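Trainee: Let me begin by handing over the structure; questions about it come next.
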Amino acid sequence: MKSIIHTEEPITDALHAIIERWKDEEGNLIMIFHAVQKEYGYVPRNVAIFVAEALEIPLARVYEITTFYNYFNLETPAENTVAVCMGTACYLKGAEDVLKEFRAKLNIKGDAAYSADKKYKIEEIRCIGCCGLAPVITFNEEIIGKVKVEDVDSIIATKTK
Ligand code: FES
């Protein structure tokens, strides 16, 4: 099971404005949580609770929406995100070994998503359309192709924020 890290986020004036703007509109939950994700970078748990209370709806309804759509991110963003493509072309060119090496070097155990210090998050992603560069990773959104296991150390050293 993936570990989920929750952080208490401030209830901002912008959040009050978001709720005020959408509270009486049809289908408002999606619009509110789009705006929440824009404001916080994800959907914090305490904000989800706050929105449910403000709209006087069950929290379960909020989670129905935010877990149904992949777009919504319920986890605290890490400082650095490494995404390893596990699509067919990348897999055949050794993506699994690259993934294992990143996990080992970043000390992210088992199938956990985060390093203990929350500095790194690792994700497995599907084809991102750069199969000619397989195996491909993204490091903080930068696409890096033809990654070899022995490159992992220097990628971490040069790309970490
Ligand atoms: S399979 Fe990895 S980029 Fe296409």
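Read-outs: derived from the displayed coordinates by stated rules, not from any lab. Keep in mind that what you see is a predicted model, and the values were worked out from it rather than measured. Here Cβ is always computed from backbone atoms with ideal geometry, including for glycine, and neighbour counts include all displayed protein chains.
Trainee: Suppose only helical runs count, i.e. DSSP H with n ≥ 4. What mean residue ellipticity at 222 nm does that imply for the chain under -39500 (n - 2.57) per run, divided by all residues and rounded to the nearest 500 deg cm²/dmol?
Mentor: The per-residue figure over the chain is -12500 deg cm²/dmol.
Trainee: What net charge is computed for the residues neighbouring ALA14, neighbours being all others with C-beta under 14 Å from the C-beta of ALA14, Lys and Arg scored +1, Asp and Glu -1?
Mentor: -2
Trainee: Which ³J(HN,Hα) values in Hz, rounded to whole numbers, follow from the phi angles of the range 27-38 under the Karplus curve 6.51 cos²θ - 1.76 cosθ + 1.60, where θ = phi - 60° and Gly and Pro get x?
Mentor: For the range 27-38, the Karplus curve yields x, 5, 4, 5, 5, 4, 6, 4, 5, 4, 5, 5 Hz.
Trainee: Just to confirm my numbers, what's the Cα centroid distance between the range 47-65 and the range 146-161 in Å?
Mentor: One Cα centre to the other: 41 Å.
Trainee: Could I ask something else about it? In whole percent, what relative contact order does the range 80-159 give with Cα contacts below 8 Å and a gap of six or more residues?
Mentor: After rounding, I find 40 percent.
Trainee: Go through 50-57, 23-30, 82-89 and give me the packing order, highest mean Cβ count within 10 Å leading.
Mentor: Sorting 50-57, 23-30, 82-89 by mean packing, highest first, produces 82-89, 50-57, 23-30.
Trainee: Just list whichever of LYS100/LYS146; LYS38/LYS159; LYS109/LYS159; LYS119/LYS159 have alpha carbons separated by over 18 Å in the model shown.
Mentor: Distance filter (> 18 Å) returns LYS38/LYS159; LYS109/LYS159.
Trainee: Taking amide H positions as placed in the peptide plane 1.01 Å from N, state which residues far from ILE125 in sequence (5 or more) or on other chains have amide H under 5 Å from it.
Mentor: VAL84, CYS85, MET86
Trainee: By the scheme Lys and Arg +1, Asp and Glu -1, what is the net charge of all other residues having a beta-carbon under 14 Å from that of VAL43?
Mentor: -2
Trainee: Here's a follow-up. Using the Kirkwood radius over C-alpha pairs as Rh, can you work out the diffusion coefficient of the chain via Stokes-Einstein at 10 °C, viscosity 1.306 mPa s, in µm² per second?
Mentor: Value of D from the Cα-based Kirkwood radius: 91 µm²/s.
Trainee: Let me ask something additional. Express in nm, to one decimal, how much length is gained between ALA104 and LYS23 on full extension, taking 0.36 nm for each residue of separation and deducting their alpha carbon distance.
Mentor: Fully extending the segment from ALA104 to LYS23 adds 24.5 nm.
Trainee: Distance from a point 7 Å along Cα→Cβ of ILE143 to each backbone N in the range 64-86: keep the residues under 19 Å and list them by number.
Mentor: Of the residues in the range 64-86, 81-86 have backbone N under 19 Å from the label point off ILE143.
Trainee: What list of ³J(HN,Hα) values in whole Hz, one per residue of the range 87-93 in order, does the Karplus curve 6.51 cos²θ - 1.76 cosθ + 1.60 (θ = phi - 60°) give from phi, with Gly and Pro shown as x?
Mentor: With the stated coefficients, the range 87-93 comes to x, 4, 4, 5, 4, 5, 9 Hz.
Trainee: Can you tell me how much longer the chain between GLU79 and ALA116 gets when fully stretched, taken as 0.36 nm per residue apart minus their C-alpha distance, in nm with one decimal?
Mentor: Value of the extension gain: 12.1 nm.
Trainee: Subtracting the Cα-Cα distance from 0.36 nm times the residue separation, let me have the gained length for THR158 to LEU59 in nm, one decimal.
Mentor: Residue separation times 0.36 nm, minus the Cα-Cα distance, leaves 31.4 nm.
Trainee: Out of residues 5 or more away from ALA113 or on other chains, whose amide H comes under 5 Å of its own, with H placed 1.01 Å from N in the peptide plane?
Mentor: SER3
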